[in-house]
Each structure stands twice: as structure tokens, then as C-alpha cells.
Amino acid sequence: MRRKRIYEGKAKVLFEGPEPGTIVQYFKDDATAFNNQKQGVITGKGVLNNRISEYLMLRLAEIGIPTHFVRRLNMREQLVREVEIIPLELVVRNVAAGSFCKRFGMEEGATLPRSIVEYYFKNDELGDPLVSEEHITAFGWSNPRELDEIFQLGLRINDFLCGLFLGVGLRLIDFKLEFGRLWENEEMQLVLADEISPDSCRLWDVETNEKLDKDRFRRDLGGVEEAYQEVARRLGVLPEAGPIDIKGPKVLQ
Ligand code: UDP
């Protein structure tokens, strides 16, 4: 079957879905870091992120968080609702790590006084700059009401995911979310979009503080594939065929 490729990102390809208003998200093994300066392949990542994101989106839907997720189609693809992506990355942080440590001169691992929500403008050319509510509303990327809803959803998602991950021995250090707008009978609904996976979350083992996320790739720590597998295993979504069954269907143009 030939289908129209809508967009190719760093870790995913989007195709036109089988029905209007749907999109197929294909998860690649490609990995990038530091705004594309570092590139590589994490074998099996696409298969695992497809499962992990499916699992987390379904659990979030159960507690009433609207998401774009419809259903998983196969090893590397999931069907999602077509939304208008809001050009913001919402980062929620519980523990200081990554760019936050640099910005505030903090030691990695320091617990924050409370969960902190940050907004970044989604723009690769500019390297996703940190922006404030002022920039967002002045430039019209969102409005105060919508932004408040995004903020509240971010905190709810954080609370829920912290508990969920803690239940499988993982600390949710920080993570990135993206939201989209969905129109239905003249009404606009805000929905969680993109993916939630070890590409977009920092996850540390509760006992050892071992990093089980993309930082293993970013910082050349080794055991990258194993870390993604471990997260999938703990969540109970490691494909039975295991890491051998990772090739999946070929990306069709
Ligand atoms: N993150 C992401 N995509 C981005 C930037 C950040 O998924 O383009 C995630 C990242 O995995 C981490 C959190 O958002 O869980 C905070 O990242 P940070 O701002 O510390 O940037 P980094 O150190 O990853 O460059």
C-alpha cells in the first residue's frame, strides 16, 4: 500500500491515515540529541517507544486526559487523531537535570522545591528557546485560557506518571509534552499529542539512580538499547518476541 508521507521528524514519520482526520505515526530507531548535532541509531527503539507511548497514553486516557492516541497498528506504527500541533514543548521537572542544571548552576539530582513547568518554543532553527507566557500570548502561539489548561494538564500528567513510574521502581525526573487542537462540531478540544517515551522522559532507577533514558545516548553511557528494554519490561509492554522482532514493516513512501 502506498500512502502519503506528511512529515518526517527526527524520531518519527507521519503518514496520512486510513480515514480522514487520522494519521499514522511510524516510530524510527533514529536518535538525535543537542539539536541534531549528535545523530545515531538505537536498535529496537521505535518498537519499544511505540509500545511504551501506547501504554502511557492509554493509562492517561483512563484518568480523563484527552489524547490523540487511537490504537496501535503494528510493531512500529500507531493510529492517532490529526491535530493542529501547538508549537510549544511543555517540560515538567521534578528533579534538576540536563539544561536546567546548566541554567541555574545546580547539581544533577537535586530535588526541586516543587514541580516546575517550563515552555519552549518548538523551532529547530532557533534550538527550541525557553519562552515565557508573555512570549506565547504576545506571539499568539496560544492564549491565556488555553495555556492555563495546558499547564494544569501538565501537572496532572506529572502527578499520575510519577506514581505510575514509582510503582515500577523508576523516578520521573523530567519530561516533555506536546499538545494539539482538535475540532469537533465547532468545538475545540485540547489533546495530548506526540509521544511519551524514554526519548522524552528522564527516568532513573529508584534504588541505584541508574539512568534508563535517552541520556545514555546523549552522554555515551552505553547500554542504550538495554535501558529502553528495561523500561518496557518494567511497564509490562516488552514485545514477547523480544529484541529480535524489531525490524517491523518497511517505511513506505
Ligand atoms: N526533551 C525532549 N525534547 C526536546 C528537549 C527536551 O523530549 O527537544 C525532554 C528531555 O528528554 C528531558 C526534558 O525534556 O526529559 C528536559 O530536557 P532539558 O531541557 O534538560 O534538555 P536536554 O538536557 O535534554 O537538552
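Only residues that are surrounded by fewer than 22 Cβ atoms within 10 Å (Cβ to Cβ) and not aliphatic (A, V, I, L, M) were counted across the range 34-50, and they come to 8.
What do you reckon, is residue 32 at pLDDT 95 or above, within 16 Å of the ligand (Cβ to nearest atom) and β-branched (Val, Ile, Thr)? It is true that residue 32 is at pLDDT 95 or above, within 16 Å of the ligand (Cβ to nearest atom) and β-branched (Val, Ile, Thr).
Pull up the range 179-211, narrow it to residues that are of a type in the set (A, V, I, L, M, F, W, C) and under 20 Å from residue 28 (Cβ atoms), then point me to the one that is nearest to the ligand (Cβ to nearest atom). Walk me through it before giving the result.
Pass one, the range 179-211, residues of a type in the set (A, V, I, L, M, F, W, C): 179, 182-183, 188, 190-193, 196, 201, 203-204, 206.
Those still in the list that are under 20 Å from residue 28 (Cβ atoms) too: 193, 196, 201.
Numbers: 193: 13, 196: 9, 201: 5 Å.
Here the answer is 201.
The residue list 131, 95, 91, 83 contains one member that is crowded, with 18+ Cβ neighbours inside 10 Å and more than 18 Å from the chain's Cα centre (by Cα), which is 131.
Identify all residues within the range 165-178 that are within 16 Å of the ligand (Cβ to nearest atom) and either closer than 16 Å to residue 195 by Cα or not charged (D, E, K, R) (or both); write none if there are none. Before the answer, list the steps.
Initially, the range 165-178 is screened for residues within 16 Å of the ligand (Cβ to nearest atom), giving 165, 170-178.
Selection gives 165, 170, 172, 173, 174, 175, 176, 177, 178.
In the set (1) within 16 Å of the ligand (Cβ to nearest atom); (2) farther than 22 Å from residue 123 by Cβ; (3) surrounded by 17 or more Cβ atoms within 10 Å (Cβ to Cβ), the condition left unmet by residue 225 is number (1). Can you find even one residue in the range 55-70 that is within 14 Å of the chain's Cα centre (by Cα), in a helix (DSSP H, G or I) and within 16 Å of the ligand (Cβ to nearest atom)? Yes, the range 55-70 contains a residue that is within 14 Å of the chain's Cα centre (by Cα), in a helix (DSSP H, G or I) and within 16 Å of the ligand (Cβ to nearest atom).
When residues of the range 54-68 are filtered for being touching a helix residue (DSSP H, G or I) at 6+ places or on another chain (Cβ under 9 Å) and without any contact (Cβ under 8 Å) to a residue 24 or more places away in the chain, how many remain?
Keep residues of the range 54-68 that are touching a helix residue (DSSP H, G or I) at 6+ places or on another chain (Cβ under 9 Å), which gives 55-56, 59-60, 63-68.
The next check asks that each one be without any contact (Cβ under 8 Å) to a residue 24 or more places away in the chain; those that pass are 64.
So the answer is 1.
Beta carbons closer than 7 Å, at least 6 apart along the sequence or on distinct chains, pair a first residue in the range 82-105 that is closer than 15 Å to residue 181 by Cα and away from the ligand (no atom under 11 Å from the Cβ) with a second that is assigned to a loop (DSSP other than H, G, I, E, B) and among the aromatic types (Phe, Trp, Tyr) for 86/141; 87/141; 88/141.
Has the range 55-68 got any residue that is hydroxyl-bearing (Ser, Thr, Tyr) and farther than 30 Å from residue 146 by Cα? Quick ask: steps written out before the conclusion?
Just the residues of the range 55-68 that are hydroxyl-bearing (Ser, Thr, Tyr), to begin with: 55, 67.
If we keep only those that are farther than 30 Å from residue 146 by Cα too, we end up with none.
No: zero hits.
Count of the range 13-44 residues, restricted to those that are more than 22 Å from residue 182 (Cβ to Cβ), in a strand (DSSP E or B) and more than 17 Å from the chain's Cα centre (by Cα), is 4.
Yes/no per residue for (1) in a loop (DSSP other than H, G, I, E, B); (2) of a type in the set (S, T, N, Q); (3) modelled with pLDDT of 95 or more; (4) under 23 Å from residue 112 (Cα atoms):
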position	(1), (2), (3), (4)
150	no, no, yes, yes
154	no, no, yes, yes
161	no, no, yes, yes
165	no, no, yes, yes
168	yes, no, yes, yes
174	no, no, yes, yes
181	no, no, yes, no
188	no, no, yes, no
191	no, no, yes, no
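Of all the listed residues (203, 164, 153, 182), the sole one being of a type in the set (A, V, I, L, M) and in contact with a His (Cβ under 8 Å, 6 or more places away or on another chain) is 182. Every condition in (1) surrounded by fewer than 22 Cβ atoms within 10 Å (Cβ to Cβ); (2) within 16 Å of the ligand (Cβ to nearest atom) is met by residue 19 except one, and the failing one is (2).
The values are calculated or read from the model by the stated rules, or taken from the named source; none is laboratory data. Just so you know, these numbers come straight off a predicted model, no measurement behind them. Neighbour counts are summed over all protein chains in view; Cβ atoms, including those assigned to glycine, are modelled from backbone coordinates with ideal geometry.
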